[in-house]
Amino acid sequence: MTDSSDDESTHGDNGMHAVMTYRKGRTYKIESNIDSSANKEAVLDVLTDYPNHSEVFSSINSSRVVVRREHEAEVLQEGKWNVLWLSGRFQTLVRMREDLPRGRVLSHSLKSSIFHAHEGEWRVM
């Protein structure tokens, strides 16, 4: 527990450590760490290869860039979600901001059939 309004669960397996925190107001914060022998540039190449996210992330069936700017992309992704015995399909439009010299890729949902709001960050060290 981080405070009286947060519930936290921790999971770890095979070099990955994840912490999910449920916060008051129906929001979740998920933090995870993955240990890999891949170099920083290779990892960032995979994370910013948006059209091929379906090859890397099992929940994504399709991913395509609809707008591309320098250091930024808007990506339309479709996929499936599963939680316990529940499942469904989703479509989301995400703005990806790239700060590659600092090893960061930030995401922000613009429109989604599943998330009320979503913000995320990949940090590669």
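Numbers below:
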item	result
Pairs where the first residue, in segment 96-113, is under 18 Å from PRO51 (Cβ atoms) and of a type in the set (Lys, Arg) and the second is outside any helix (DSSP H, G or I) and open to solvent by 70 Å² or more (accessible area, probe 1.4 Å), C-beta under 9 Å, 6+ apart	ARG97/HIS71; ARG97/HIS108
Unmet requirement for VAL43, which otherwise passes all of (1) within 22 Å of SER32 (Cα to Cα); (2) buried (at least 17 other Cβ atoms within 10 Å of the Cβ); (3) modelled with pLDDT of 95 or more	(3)
Within segment 116-125, considering residues that are in a loop (DSSP other than H, G, I, E, B) and closer than 14 Å to SER32 by Cα, the one modelled with the highest pLDDT	VAL124
Scan of segment 87-115 for residues that are over 15 Å from the mean Cα position of the chain (by Cα) and modelled with pLDDT under 85, ordered by number	SER113
Subset of segment 70-86 [modelled with pLDDT of 90 or more and over 26 Å from MET125 (Cβ atoms)]	GLU74, LEU76, GLU78, GLY79, LYS80
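The values are calculated or read from the model by the stated rules, or taken from the named source; none is laboratory data. Since we're looking at a predicted model, the values are computed, not measured. Neighbour counts are summed over all protein chains in view; Cβ atoms, including those assigned to glycine, are modelled from backbone coordinates with ideal geometry. Ligands, DNA and RNA are stripped out before the accessible areas are found, and what is left, the full protein with its side chains, is counted by its heavy atoms. Shrake-Rupley method; radii C 1.70, N 1.55, O 1.52, S 1.80 Å.
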